[in-house]
1. Can you run down the residue pairs with Cβ atoms below 7 Å, 6 or more apart or on separate chains, where the first is in the stretch 18-43 and among the hydrophobic types (A, V, I, L, M, F, W, C) and the partner is open to solvent by 50 Å² or more (accessible area, probe 1.4 Å)?
2. Given the criteria free of Cβ contacts under 8 Å to residues at least 40 places away in the same chain, surrounded by fewer than 23 Cβ atoms within 10 Å (Cβ to Cβ) and over 23 Å from Pro138 (Cβ atoms), does Ala172 qualify?
3. I need a count of the residues in the stretch 216-251 that are part of a helix (DSSP H, G or I), in contact (Cβ under 8 Å) with a residue 40 or more places away in the chain and in contact with a strand residue (DSSP E or B) (Cβ under 6 Å, 6 or more places away or on another chain).
4. Give me a count of the residues in the stretch 42-58 that are open to solvent by 20 Å² or more (accessible area, probe 1.4 Å) and farther than 17 Å from Arg247 by Cβ.
5. Name the pairs: first residue in the stretch 145-159 and closer than 24 Å to Ala225 by Cβ, second residue among the basic types (Lys, Arg) and modelled with pLDDT of 95 or more, Cβ to Cβ under 6 Å, at least 6 apart or on different chains?
6. In the stretch 173-211, what residues are modelled with pLDDT under 95 and not hydroxyl-bearing (Ser, Thr, Tyr)?
7. For the stretch 41-54, give me the residue count where each residue is in a loop (DSSP other than H, G, I, E, B) and over 13 Å from Val19 (Cβ atoms).
8. From the list Leu133, Leu167, Leu146, Leu129, which residue is assigned to a strand (DSSP E or B) and closer than 24 Å to Ala199 by Cβ?
Amino acid sequence: MRPARLSETRGRGDPVLLVAHGSRDPRAAAATRALAAAVSAARPGRRVMPSWLDHTRPGPTEALRELAGAGFPRVVLVPLLLTAAYHWRVDIPAAVAAVRQTAPELAVRVTDVLGPAAREIEPALMAGLRRRLAEAEPGGYDGLVLAAAGTRDPVARASVGRVAASLRAALAVPTRVSYASAAPPAAGVAVNRLRARGARRVAVAAYFLAPGLFHDAVTVSARQAGAVAVAAPLSDAPELVDLVLRRVDAVFD
């Protein structure tokens, strides 16, 4: 039997709390639960618990208090966010601060978001996006739109642009960014711009972790503009499971 790597032994018993954005659409919560189950299956014996910032319970503070009450001295919190915007800067720290008032003994290690923040873009994220694209349009395409939820934060938008640039380099097709809210352009506008420049088969990569109203809106907008395919959200793709575990392991490096 091979010796366990350091990242496999340090913090092995610490539970993992996944914190998703939350949505009124029940499909989003189901996707987060599926991801939690997949992460748990990949690390047998480690408790993996989903939580949501809005719309679905438990919230992260409630979940952290539950884990403290169960006797865990430490928790690894993984923000299921693709940009380091408001939820990362404000909501996550507020949830951790709130639990410290009632469970000061609980040590909470917060990982990076899943999208690029201070770190380089994880290969697992790019592989997951490419998987979903291949599933949606195995016949190929000559233009690509990366559709994201949207944010007013220019630094967060720049990180989405970096992901789009990486896709463009890897796939060798013209690539544009679009947003479902908060910032232009919409998916249909981005598709039309690529088609105006000569692209005949434009596909849309979904920079979403879960299905919901935003992804639905992207699908409708892109299809109306003539997109040949819209990829599904990452949800519980194997590459996303790997990325979550890499974030967990990184706090012990």
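1. These pairs meet every condition: Ala31/Asp236; Ala34/Asp236; Leu35/Asp236; Ala38/Asp236.
2. no
3. Counting residues in the stretch 216-251 that are part of a helix (DSSP H, G or I), in contact (Cβ under 8 Å) with a residue 40 or more places away in the chain and in contact with a strand residue (DSSP E or B) (Cβ under 6 Å, 6 or more places away or on another chain) gives 5.
4. Going through the stretch 42-58 one residue at a time, the tally reaches 8.
5. That search, which allows pairs on different chains as well, returns Val145/Arg176.
6. Ala180, Ala182, Ala183, Pro184
7. Number of matching residues: 5.
8. Answer to the check: Leu146.
The values are calculated or read from the model by the stated rules, or taken from the named source; none is laboratory data. As the structure is a computational prediction, the values presented were derived from the model and not from experiment. No Cβ is skipped: glycine too gets one built from the backbone with ideal geometry, and neighbour counts run over all protein chains shown. Side chains included, ligands, DNA and RNA excluded: accessible areas come from the protein's heavy atoms. Shrake-Rupley method; radii C 1.70, N 1.55, O 1.52, S 1.80 Å.
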